[in-house]
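What follows is a short report on a single structure.
The values are calculated or read from the model by the stated rules, or taken from the named source; none is laboratory data. Worth saying up front: this structure is predicted, and the values here are computed from it rather than measured. Note: ideal-geometry Cβ built from the backbone for every residue, glycine included; neighbour counts use all protein chains shown. In case anyone asks, the SASA skips ligands and DNA or RNA and just uses the protein heavy atoms, side chains included. Shrake-Rupley method; radii C 1.70, N 1.55, O 1.52, S 1.80 Å.
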Amino acid sequence: MSLLTDLINLNLSDTTDKIIAEYIWIGGSGMDLRSKARTLDGAVSDPQKLPKWNYDGSSTGQAPGEDSEVILYPQAIFKDPFRRGNNILVMCDAYTPAGEPIPTNKRHSAAKIFSHPDVVAEVPWYGLEQEYTLLQKDLKWPLGWPVGGYPGPQGPYYCGAGADKAFGRDIVDSHYKACLYAGINISGINGEVMPGQWEFQVGPSVGISAGDELWVARYILERITEIAGVVVSFDPKPIPGDWNGAGAHTNYSTKSMRNDGGFEIIKKAIGKLQLRHKEHIAAYGEGNERRLTGRHETADIHTFSWGVANRGASVRVGRDTEKEGKGYFEDRRPASNMDPYIVTSMIAETTILWKP
């Protein structure tokens, strides 16, 4: 008699050329990830060769019941670490039957910015640092924390090891390997300052692919925590008080910044970001005011600042960039629940296309 694990791990290629494609999209809240699967006749590597699909938008808060059909356009393909073989994960965006992007489709406008000739010429690179918190499922309290109580103060947990310092490493390492398997350009992981909080980094990725990769990495994390019976939270300040919040620091460079003399280009770009500080803050994630307080390695939400190696600034420039006169900078303002399509394209638009 087969066990469930035997059936889940069946290798389809032994008996058929057919594959399973898991179509992924972003739901009505802007943070909820949805997906459903369909059978395809054979392996596919080009998203343009995948069929469009539809779903009931009235059940995701994205369409009225009397006109509920929303169309999925496949945009990026990744290997499926859960089903493996030739099976795939497909990142999609959503449109009306008439072909108009629905209001929650932020990828469409981002793709327009990234396809602008001036942006294409600058080959924008992104490194996204996604912080998140693992919660006990029934309590919604951080993993490893005593029920109804608090652990010892922050200090030993950042990049820590040991049963009393690192909670959920099996989930974190599973996610790391699953993302590498999928073809996501995940570049590292680490334990964070607050116990039960972790970070993974995606990048360097070019243009729109940074958003695609981060969203699929989030999806994979949701699936792994589902298996583990743990809840993942992207709240920017999951626990009030003297505990670090969760951000999504966005590292950025253009071709001009990476070339000789790039530090001057970086300073001009930071000057533009300062002029549009309010607009960026408004687009950098909900609840960010609870995190950007000027404490716990953040700058105050109302004040723009930048500095070399300053983790209390809005924008940080690394020592190596200053020394070499070229490189990248880090926008430390985005919250952990930011939409990477919005943040990455907005930074490109402000620093490359916007004329003060």
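A few comments on the model shown:
- Full extension of the segment from ILE189 to GLU222, taken as 0.36 nm per residue of separation minus the current Cα-Cα distance, would add 10.3 nm.
- Förster radius 30 Å - calculated FRET efficiency between VAL123 and HIS277 (Cβ-Cβ, nearest 0.05): 0.70
- Counting only DSSP beta bridges with both residues in segment 117-353, the antiparallel share comes to about 90 percent.
- Taken as entire DSSP H runs, the helices of the chain that both span 15 Å or more between Cα atoms along their own long axis and average 0.0 or more on the Kyte-Doolittle scale are 208-228, 262-275.
- Where the chain is the region considered: accessible area per residue in Å², 1.4 Å probe: 46
- Computed from the Kirkwood radius of its Cα pairs, the Stokes-Einstein diffusion coefficient for the chain at 37 °C and 0.692 mPa s stands at 152 µm²/s.
- Entries in LYS255/LYS278; LYS140/LYS237; LYS112/LYS267; LYS165/LYS237; LYS79/LYS112 that, when Cα-Cα distance is taken, lie over 24 Å: LYS255/LYS278; LYS112/LYS267; LYS79/LYS112
- Protein-only accessible surface at a 1.4 angstrom probe places the residues THR250, THR39 in the order THR39, THR250, largest first.
- Using heavy atoms of the protein chains and a probe of 1.4 Å, the accessible area assigned to GLU264 is about 100 Å².
- Ellipticity at 222 nm from helices only: DSSP H runs of n ≥ 4 in the chain, each -39500 (n - 2.57), divided by the residue count, give -7500 deg cm²/dmol.
- The charge dipole of the chain, taken about the Cα centre with unit charges on the Cβ atoms of Lys, Arg (+1) and Asp, Glu (-1), comes to about 720 debye, rounded to the nearest 20.
- Sites ARG295 and LEU10 - FRET efficiency at Förster radius 56 Å, r taken between beta-carbons, to 0.05: 0.60
- Summary: within the chain, the longest segment free of trypsin sites (Lys or Arg not before Pro) located in DSSP loops with at most 15 other C-beta atoms within 10 Å is 141-294.
- Percent accessible area from carbon and sulfur atoms, segment 11-106, protein chains only, probe 1.4 Å: 44
- Using the Cβ-Cβ distance between TRP354 and SER2 with R0 = 56 Å, the FRET efficiency computed as 1/(1 + (r/R0)^6) comes to roughly 0.40.
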